[in-house]
Amino acid sequence: MAGKRAGRSVLGKMHRHFLSIAPQYRDLRTTDLGPILYITKQLEGLGKVRAADIGCGSGRYGLKFIEHLGEKCHLFCVDANREMLRHLRDDFIESCITNFTAIHADSHRIPLQTDSLDCIISFNAIHHFSLADFMREASRVLKPNGKLFLYTRLKDQNERTIWGRHFPCFSEKEKRLYQLDELKSAFASDPNLNINTVKFFEHHRVYPLERLMEQARKHHYSTFQFYKKHEFRDALHRFVQNLLAHYSDLDRISWKDQNTLLVAENIQN
């Protein structure tokens, strides 16, 4: 019972976080083009593409996905937060994109027909899902041989970010991320989804201290929600001190972020 209450508490905390950050989420986060180029390359041979972006947020990646596939794609943008979807609609319409449908739903109850999608994409969101429930739904809505593209940051990759290395307790607070062997085990236990590719991405970042401070203060990562107010205030101060000790040019603080893309195929007949 205590575990269930804790789970509901985290879900509520995350819902409130994304509700409040939705208006500025696109500006606070970095959108990586590499995985979009890789994924859309894998779909080139399809005449039409019916896809779903699960945990789409404000649509940062979905927008790039449609831009690269063009009119041959229809994207179902699925998220549990209505405010995120509202900003997604506004941004897509402002970009003159109409070949999308915004759907308010959870990742474990996707309101789409069985065997109706060519692919599912999900970017930096699976740590918010019940992985087994999501995979079951993914295999249901994907066509036979349909593909699931999961882009995420692994636990060890998180530890090597600027935040993991220099923001006190950041890696310890973030307990939701997976290691690669955990993800592989989850897929191995699913009878329908089979991993056929694991691709690693490395992104060179260069930010000024002012930008990093802005991101942290505005909680651009949901991980910051796990700090108490006094903890966060002290950690932010120590973060700045750590950067001062490690970088001589605070206008060009550089590091490399790493992410992982898993590509699975729906092998059910």
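Values in this text are rule-based calculations from the coordinates and carry no lab data. The structure displayed is predicted, hence computed values, not measured ones. Glycine also receives a Cβ, built like all others from the backbone with ideal geometry; neighbour counts cover every protein chain displayed.
Along its first, second and third principal axes, ordered by size, segment 1-101 spans 50, 28, 23 Å in Cα coordinates.
With a cut-off of 14 Å between beta carbons, the residues surrounding Glu83 carry a summed charge of +2, where Lys and Arg count +1 and Asp and Glu -1. May I ask you to derive the FRET efficiency for Glu172 and Thr98 from their Cβ-Cβ distance with R0 = 45 Å, giving the value to the nearest 0.05? With a Förster radius of 45 Å, E is 0.50. With a threshold of 20 Å on the Cα-Cα distance, the over-threshold entries among Lys173/Lys229; Lys64/Lys256; Lys155/Lys199; Lys41/Lys199 are Lys64/Lys256. Its relative contact order, with pairs defined as Cα atoms under 8 Å and 6+ residues apart, puts the chain at 20 percent. Dividing the helix sum by the residues of the chain, where each DSSP H run of 4 or more adds -39500 (n - 2.57), gives a mean residue ellipticity at 222 nm of -13000 deg cm²/dmol. With coordinates expressed along the principal axes, the C-alpha atoms belonging to the chain extend over 56, 47, 32 Å, beginning with the largest.
Quick one: grab the alpha carbon gyration tensor of segment 73-119, order the square roots of its eigenvalues as a ≥ b ≥ c, and give me rounded if a/c is under 1.5, else prolate or oblate depending on whether a/b is larger than b/c. Oblate.
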